[in-house]
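The structure appears right after this line, and notes come after that.
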Amino acid sequence: MRSFVRVLLLVLLAGLVLNWLFAARGPDVADGSVLVLDVGGEYVEAPEPPLIARLLGGTKTPLLRLYSQLRKAERDPRLHAVVLRIGPSRMGWAKAQEVRDALLRLREAGKKTVAYVEVEPIGANAEYYMASAAETIWVSPGTRIPFVGLAAEYLFLGGFFEKLGVEIEVERVGPHKTAADFLAGRSMSEPARDMANWLLDSIDDQFVGGIAEARGLEEADLRRFIAQSPASPDELIAAGLVDKMGFLSDVLDDLGAERTVIESDEWALVEPFGDFEPQAIVALVYGSGNVVTGDADRTRRGDPVLAGRAVARNIEEAAEDDSVAAILFRIDSPGGSALASDAVWHATQLAREKKPLVVSFSDVAASGGYYVACGADAIYSQPGTITGSIGVVMMRPVLSGLYEKLGIGFEVLTRGDNARLFTLSQTLDAEDRKRLGDEVEGTYQLFLDRVEAGRGMDRGAIDAVGRGRVWTGAQAWEHGLVDELGGIYAAVAGLREKLGLDPDADVALTVYPPPASLPEQLAGMLQGAVARAVGPELPLPGAARTAIAWLEGIPVGAPALLPPLAVEIR
């Protein structure tokens with residue numbers, strides 16, 4: 001096995017060397033060029049190791065890479081037009097809004113913007129929502145953009161576990177803290193239904209309102225059209241939702257056949273136009289994935305986690321770095337460990353004593369994901385971010401029924417009155433449940449302490465929007481849980497102001513810590529490949545995949561900070 005690993009590493013290393021030696025030189029960009037950027041697939045916040053990603057490709061693209069290419073296009077006067085070739089994407093609404101905002105800034109910079117939509121699967125609402133910000137929208141002849149309305153699917157496994165003989169005991173603060181319902185429930189409670197509806201209503205308002213405004217339509221007319229969809233390209237054109245139908249070659253001919261066309265891969269090699277003279281360096285620290293204790297920054301499958309000790313150290317080191325003027329903490333996390341969340345919160349407070357620290361929310365920054373952010377100098381959230389969920393839940397599986405079904409005997413021997421609290425073979429009596437409830441309530445009060453200190457809000461007002469309630473970013477802004485609506489661009493603009501810089505001053509975003517060394521990248525890639533080979537992903541619906549991934553962040557028998565486990569609106 002060792003010899004195999006050694007040979008594999010040598011082959012990969014040789015490939016990297018060849019990649020460096022024979023990498024294509026960036027093309028010359030002629031005046032009036034047309035840039036074609038591909039948008040599609042799955043985008044993540046945590047950056048992939050750049051060399052490994054370049055050599056092997058991959059299905060998950062760092063959003064910052066796409067964002068940087070769009071920002072580079074915004075500054076380049078040699079570009080006449082930017083065409084976004086939009087395919088099926090697994091972006092959440094906040095990430096889609098980041099791309100949409102970037103398209104709007106391209107238009108403000110005087111670039112002609114074209115969206116070429118090429119989608120087939122049902123549920124491409126977010127793809128068209130992004131495209132609607134473009135000046136002109138094309139669809140391929142085979143595309144039927146499925147305006148079928150938005151949907152959120154929630155799963156409940158309580159009945160399944162009952163058949164196995166497994167009981168899930170739950171302690172929570174407030175009826176809206178419904179993270180455990182996925183495992184313990186059989187159906188949606190009324191408080192959960194209320195919350196699910198206000199989230200869906202908020203995203204639906206953003207979706208319909210954004211498209212109607214961009215296309216100059218009445219919202220009522222657009223809703224009637226959605227109710228009659230899916231629609232053919234001709235119907236989309238007649239409704240004013242699409243401008244033209246054709247293939248990408250037709251799009252380019254329409255822009256001028258003589259123009260130089262630059263593809264995504266070529267554009268990535270083009271140096272930014274003009275002089276880039278950063279007036280400040282901002283450390284970009286990522287907090288992505290489940291909040292967990294320890295140092296590991298990825299799961300065995302290679303998915304990112306917000307490891308409390310590691311992220312706290314990254315923030316502290318960025319604060320100590322004299323070359324760093326400020327810290328931008330980018331969060332895409334559903335929460336998890338209360339202990340790890342508090343460690344990261346503490347690191348943000350130490351950092352704020354030395355330099356500004358602002359937070360930017362991606363698709364999800366809820367429960368523990370909100371906890372780590374609440375002490376920042378300012379919080380920026382996209383309207384479509386899922387956030388809030390100030391609350392605590394604790395889950396304890398009871399396996400006695402399963403043992404009985406399998407013919408497994410068990411005995412419990414204890415010393416001390418409370419020793420049985422975290423054994424898994426017996427249900428708890430009323431006194432034991434009260435002790436667990438007190439533990440959960442104590443963690444909730446600490447959560448309130450952190451939000452009260454960070455946000456300067458009245459404790460009663462926090463509790464009124466807390467107790468597990470989840471909000472969209474737009475709703476969170478109305479409740480005072482975030483400071484500004486916007487993405488990375490808005491957060492950097494806020495940092496410029498805090499640093500006393502001109503609004504147009506160049507600022508360098510530097511990922512902190514720097515990428516891992518080549519041996520670390522190779523080792524991590526090999527580990528991830530083995531994990532995927534041993535445990536391939538099941539072909540589950542999106543909501544189920546989301547729920548299962550989030551469950552990895554639940555510390556059994558300890559207070560957990562998690563929102564409802566299947567908030568995925570498509």
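The values are calculated or read from the model by the stated rules, or taken from the named source; none is laboratory data. Quantities reported herein were computed from a predicted structural model and do not represent experimental measurements. Here the Cβ is made from the backbone with ideal geometry for all residues, glycine too, and neighbour counts use every protein chain on show.
Going through segment 205-250 one residue at a time, which ones are among the β-branched types (V, I, T) and under 20 Å from R100 (Cα atoms)?
Of everything in segment 205-250, those that are among the β-branched types (V, I, T) and under 20 Å from R100 (Cα atoms) turn out to be V208, I211, V242.
Does V470 satisfy being surrounded by 12 or more Cβ atoms within 10 Å (Cβ to Cβ) and touching a Ser or Thr at 6+ places or on another chain (Cβ under 8 Å)?
yes
Would you check which residues across segment 112-160 are over 27 Å from S249 (Cβ atoms) and charged (D, E, K, R) and list them?
Matches in segment 112-160: E153 only.
Answer yes or no: is there a residue in segment 98-105 that is modelled with pLDDT under 95 and buried (at least 22 other Cβ atoms within 10 Å of the Cβ). Quick ask: steps written out before the conclusion?
Of segment 98-105, the ones modelled with pLDDT under 95 are none.
No: segment 98-105 contains no residue that is modelled with pLDDT under 95 and buried (at least 22 other Cβ atoms within 10 Å of the Cβ).
Does A378 meet the test of being under 28 Å from S202 (Cβ atoms), surrounded by fewer than 24 Cβ atoms within 10 Å (Cβ to Cβ), modelled with pLDDT of 90 or more and not hydroxyl-bearing (S, T, Y)?
yes
Quick one: which helices (runs of 4 or more DSSP H) sit completely within segment 456-570 and have at least 2 residues that are modelled with pLDDT under 60?
518-534, 542-551
Check whether at least one residue in segment 401-408 is of a type outside the set (A, V, I, L, M, F, W, C) and in contact with a strand residue (DSSP E or B) (Cβ under 9 Å, 6 or more places away or on another chain), and report yes or no.
yes
Return the residues of segment 222-252 that are acidic (D, E) and at pLDDT 95 or above; say none if nothing qualifies. Spell out how you get there, then give the answer.
Here is the first cut: in segment 222-252, the residues acidic (D, E) are 234-235, 243, 250.
Scanning segment 222-252 gives D243, D250.
Scan segment 406-438 for residues that are touching a helix residue (DSSP H, G or I) at 6+ places or on another chain (Cβ under 9 Å) and either of a type in the set (S, T, N, Q) or surrounded by 12 or more Cβ atoms within 10 Å (Cβ to Cβ) (or both) and report the count.
Matching residues across segment 406-438 total 13.
Considering only residues that are in contact with a strand residue (DSSP E or B) (Cβ under 7 Å, 6 or more places away or on another chain), touching a residue at least 60 places away in the same chain (Cβ under 8 Å) and within 30 Å of V261 (Cβ to Cβ), which ones fall in segment 194-250?
Within segment 194-250, P233, L236, V242, D243, K244, M245, G246, L248 meet the criteria.
When you go through (1) more than 23 Å from G437 (Cβ to Cβ); (2) at pLDDT below 90 one by one for A184, which number turns out not to apply?
Every condition holds for A184 apart from (1).
Which one of these is in contact with a strand residue (DSSP E or B) (Cβ under 7 Å, 6 or more places away or on another chain) and either buried (at least 21 other Cβ atoms within 10 Å of the Cβ) or within 30 Å of L399 (Cβ to Cβ) (or both): K177, K163?
The conditions single out K177.
Among the residues of segment 473-518, write down those that are at positive phi and surrounded by fewer than 16 Cβ atoms within 10 Å (Cβ to Cβ).
G480, G500
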